[in-house]
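Student: Take this structure, written in structure tokens, and hold onto it; I'll ask about it next.
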Amino acid sequence: MQLQSYVCGGWRYGEGRGVALRDASTGETIAEANSAGIDFGAILAHAREVGGPALRALTFHERAALLKALVKRLGELKDEFYLLSYRTGATKSDSWIDIDGGIGTMAVFANKGSRELPNASVYLDGAVETLSKGGTFVGQHICVPREGAAVHINAFNFPVWGMLEKLAPTLLAGMPAIVKPATSTAYLTELVVRRIVESRILPEGALQLVCGSLGNLFEHLGCQDVVSFTGSANTAQSLRTHRAIVRNSVPFIAETDSLNSCVLAPDAGPGTQEFELFVKEVAREMTVKAGQKCTAIRKALVPAASVGDVVAALQATLAKVVVGDPRADGVRMGPLASLDQRNEVLARLGELRGEADLVFGDPERFEVTGADRERGAFVPPLLLLCREPGSARAVHDVEAFGPVATVVPYRDVGDAILLARRGEGSLAASVFSADDALASRLVLGLAPYHGRVLVVNRHCAKESTGHGSPLAHLVHGGPGRAGGGEELGGIRGMLHYMQRTAVQGSPDTLTTVGGRWIRGGTLRDPGRHPFRIPFNELSLGDTLLSAERVVTIDDIEQFAGLTGDTFYAHMDDAEAARNPLFGGRVAHGYFLISAAAGLFVDPPYGPVLGNYGLNELRFVKPVKPGDRIKVRLTCRDKSLRADKGWGEVGWDTEITNQDGETVASYTVLTMVSVHAVPDAAAGN
Ligand code: NDP
């Protein structure tokens, strides 16, 4: 079978013979991959001219709905993916990380897209910046989708997660993707893409797939494209210096090799829960995906006094690992993804053995269950001990991308930090400690050199997601050798595929550009109370200016009596007079916002269904008995919940006193029906 690429709206074979892709356990040929003869300029043009415009025509919520539909469809089909995944050497639990992990990551982006983003297509980055005394000239950062293609180059170890974790933020941003999986496991990615294409959920051009090499695609890259790469540091280095990348300043996000450390803190001696948890985690990280994880633990840093106990405990744990064909009963660790990878890992092991002793596992002698040891890409778990890590080089520099880790003794916390930092930039580190002060010292020492730091103690261990799991909510990437890139991290992950632009102008201009009313902009009189206006008829800037109300001592005392808030600044003349901020009794801040609601609400049944909170609440100036307050309420932003029959409306709210000074400022968050008089049964 020849793997096909999905390009320019159709499935295409490459010309001629391709690279043979083999079952990792049996060596049997599964397919050939070849992209020769494909017009790479046309693929980029298809993404830019067909996929991009279709995605950009959608709002964030509509794109999030596409992701949600994909999550549902892929979830229905996952048994088929699991079956094929065995051929990559993955056990069922390895496949869970790849397949369910990938679908779950996409689900997080679907949820975040619909909850944290507006139903709009411009993303506002941060608050308005005041640039002038009179407030007529302001600035706002906006993010818009880049109008090129996102080229995703993925590693062989996660053929599903690797694709979906990049695809989700890209589509949410409104950018089309061209996915190039690593050739050795491309058959699984191809199956998933085939099912996505068949589902017709995505607009044409939003997703293309290249099985095989990328040919001369890089020659055609332009300033609106993005490349996101996962793989070896060497490949990253050669690709990021490609002349088209350099000439056009194409963003190049890289996630590469990493010598990740796991630190057993000095407090976590043998017999403590943290010691047990550490041993379990190191053994788990060595064997999950047969150690083929960019985040896997390579250096287990332990206090010199605990080395003997740690090695003995790891030897006992690793002895229980059954290696073999992942389809066979009882197998806990499968083969590497290919024979090439086995050769690569054994060569790297040779380098490590020059300065570390092998204390568990023998690559020449080990049992394999349900498969032929030579035909499959099998390697047993291999544990090394480096006795002189200060003068060692390979242990800090050589990544054996398999079930290989080295125990590294350290003298004190400062030494542990220095040894971890010798990786020159890593994706993840973990610390096992029940002493938060110690853990904090380690975290702050590790942070400049690591993209993510996990601290495990007995309180969080049960729910901890573990050392090796990148999470959709948190950034994944690392400095230096780890590639210097960032992926994921919630909405942050989407922004890599958008252009951030600083826009300057008048408040009205920026209100129109960004879809959020800005103070200093026109206050519109809608001719009726804004709470009587259904969602679709409300305009940004629609304003209510309330009547005035005097705040009395009686108000303050009644509010104190009703709520029980009898703080001295409201209730005690003498003590309040001593307060340097107030110099006398003042109204409760919460009374002011309650009184403001009394001034601005429109009581009868109508389109405003409810109030779900306040944002950015600030009490700016105290209000004293006898002061007069009034409120301005202005429609600030709108986001339709299309499937619910209502939309979210934020109201910019300002309470001022008799001198026109602001005493409180906030945004009132409401749900407003699309109907003037909502139907009691309608949509909530
Ligand atoms: P590579 O860097 O060789 O490959 C990674 C991806 O880049 C693959 O899709 C590969 O495609 C592609 N690629 C390679 N050369 C080019 C090129 N000239 N133009 C465009 N794309 C290219 O890494 P491997 O997957 O072979 O793994 C090698 C080592 O990398 C591992 O042993 C490990 O040390 C490290 N690694 C790190 C990972 C991480 O997540 N940080 C993940 C996987 C590996 P193709 O497969 O067709 O060559």
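Student: If R0 is 41 Å, what FRET efficiency do you get for ALA347 and VAL322 from their C-beta distance, rounded to 0.05?
Tutor: 0.95
Student: At most 13 other Cβ atoms within 10 Å plus a DSSP loop assignment makes a site exposed; report the longest stretch of the chain without any exposed GluC sites (Glu not before Pro). Provide the component values of the computation, followed by the final result.
Tutor: Values: sites that count: GLU15, GLU28, GLU364, GLU367, GLU374, GLU463, GLU548, GLU661.
Within the chain, the longest run free of exposed GluC sites (Glu not before Pro) spans 29-363.
Student: Find how much the distance from MET571 to ALA461 grows on full extension, using 0.36 nm per residue of separation minus their present alpha carbon separation; answer in nm with one decimal.
Tutor: Roughly 34.8 nm would be gained on extension.
Student: With a ≥ b ≥ c taken as the square roots of the eigenvalues of the C-alpha gyration tensor of the stretch 184-315, please select rounded if a/c is under 1.5 and otherwise prolate if a/b is larger than b/c or oblate if it is not?
Tutor: Note, shape of the stretch 184-315 comes out prolate.
Student: Let me ask something else. Which ³J(HN,Hα) values in Hz, rounded to whole numbers, follow from the phi angles of the stretch 98-112 under the Karplus curve 6.51 cos²θ - 1.76 cosθ + 1.60, where θ = phi - 60° and Gly and Pro get x?
Tutor: Here the 3J(HN,Hα) series is 6, 8, 5, x, x, 5, x, 4, 5, 5, 4, 5, 4, 5, 5 Hz.
Student: I've got another one for you. Can you compute 3J(HN,Hα) from phi for each residue in the stretch 622-631, using the Karplus curve 6.51 cos²θ - 1.76 cosθ + 1.60 with θ = phi - 60°, rounded to whole Hz and x for Gly and Pro?
Tutor: Values per residue, Gly and Pro as x: x, 10, 9, x, x, 5, 10, 10, 8, 10 Hz.
Student: Is the stretch 10-80 rounded, prolate or oblate when judged by the Cα gyration tensor, a ≥ b ≥ c being the square roots of its eigenvalues, rounded requiring a/c under 1.5 and prolate requiring a/b larger than b/c? Walk me through the intermediate numbers first.
Tutor: Values: a/c = 4.51, a/b = 1.37, b/c = 3.28.
Judged from the Cα gyration tensor, the stretch 10-80 comes out oblate (a/c at least 1.5, b/c at or above a/b).
Student: Here's a follow-up. Angle between the Cα long axis of helix 553-563 and the longest principal axis of the chain, 0 to 90 degrees, nearest 10?
Tutor: Roughly 40 degrees, rounded to the nearest 10.
Student: Find, among the trypsin sites (Lys or Arg not before Pro) in the stretch 620-675, those assigned to loop by DSSP (not H, G, I, E, B) with at most 15 other beta-carbon atoms within 10 angstrom.
Tutor: When the trypsin sites (Lys or Arg not before Pro) of the stretch 620-675 are filtered for loop state and at most 15 Cβ neighbours within 10 Å, LYS644 remain.
Student: Mind giving me the nanometre distance, one decimal, between the label points for ASP525 and ALA42, set 7 Å out from Cα along Cα→Cβ?
Tutor: Taking the simple label geometry, ASP525 and ALA42 are separated by 6.3 nm.
Student: Now, a different point. For the stretch 367-500, what class follows from the C-alpha gyration tensor (a ≥ b ≥ c being the square roots of its eigenvalues): rounded when a/c is under 1.5, otherwise prolate if a/b is larger than b/c, else oblate?
Tutor: Because a/c hits 1.5 or more and a/b fails to exceed b/c, the stretch 367-500 counts as oblate.
Student: Filter the trypsin sites (Lys or Arg not before Pro) in the stretch 1-100 to those in DSSP coil with at most 13 other Cβ atoms within 10 Å of their Cβ, and list the result.
Tutor: Numbers: sites: ARG12, ARG17, ARG22, ARG48, ARG56, ARG63, LYS68, LYS72, ARG73, LYS78, ARG87, LYS92; in loops: ARG17.
Here the trypsin sites (Lys or Arg not before Pro) that fit, given the DSSP loop and packing criteria, are ARG17.
Student: Output wanted: per-residue J couplings in Hz (rounded whole) for the stretch 134-142, from phi through Karplus 6.51 cos²θ - 1.76 cosθ + 1.60, θ = phi - 60°, x for Gly and Pro.
Tutor: x, x, 8, 9, 10, x, 8, 7, 10
Student: Sticking with this one: Quick check: the angle from helix 60-76's long axis to the longest principal axis of the chain, C-alpha only, nearest 10 degrees?
Tutor: It works out to around 40 degrees.
Student: How tilted is helix 186-199 with respect to the longest principal axis of the chain? Cα atoms for both, answer in degrees (0 to 90, nearest 10).
Tutor: Once rounded, the angle reads 40 degrees.
Student: Ok, one more. Could you state the number of Å between the C-alpha centres of the stretch 495-535 and the stretch 1-71?
Tutor: 40
Student: What is the distance in Å between the Cα centres of the stretch 318-374 and the stretch 422-443?
Tutor: When both Cα centres are located, 29 Å separates them.
Student: Another question about this same structure. If R0 is 30 Å, what FRET efficiency do you get for LEU614 and VAL513 from their C-beta distance, rounded to 0.05? Kindly include the intermediate steps, with their values, before the conclusion.
Tutor: On the way: r = 26 Å, r/R0 = 0.87.
FRET efficiency, LEU614 to VAL513: 0.70.
Student: In addition: Which value in nm describes the separation of the simple spin-label points at GLU537 and HIS242, placed 7 Å from the Cα toward the beta carbon?
Tutor: Between GLU537 and HIS242, the label points sit 5.5 nm apart.
Student: Can you tell me how much longer the chain between GLU49 and THR563 gets when fully stretched, taken as 0.36 nm per residue apart minus their C-alpha distance, in nm with one decimal? Intermediate values should be presented prior to the final figure.
Tutor: Working: separation 514, 0.36 × 514 = 185.04 nm, distance 6.12 nm.
This chain segment gains 178.9 nm when fully extended.
Just so you know, all these numbers are worked out from the coordinates, no wet-lab data involved. Everything quoted here is computed from the prediction, not taken from an experiment. Glycine also receives a Cβ, built like all others from the backbone with ideal geometry; neighbour counts cover every protein chain displayed.
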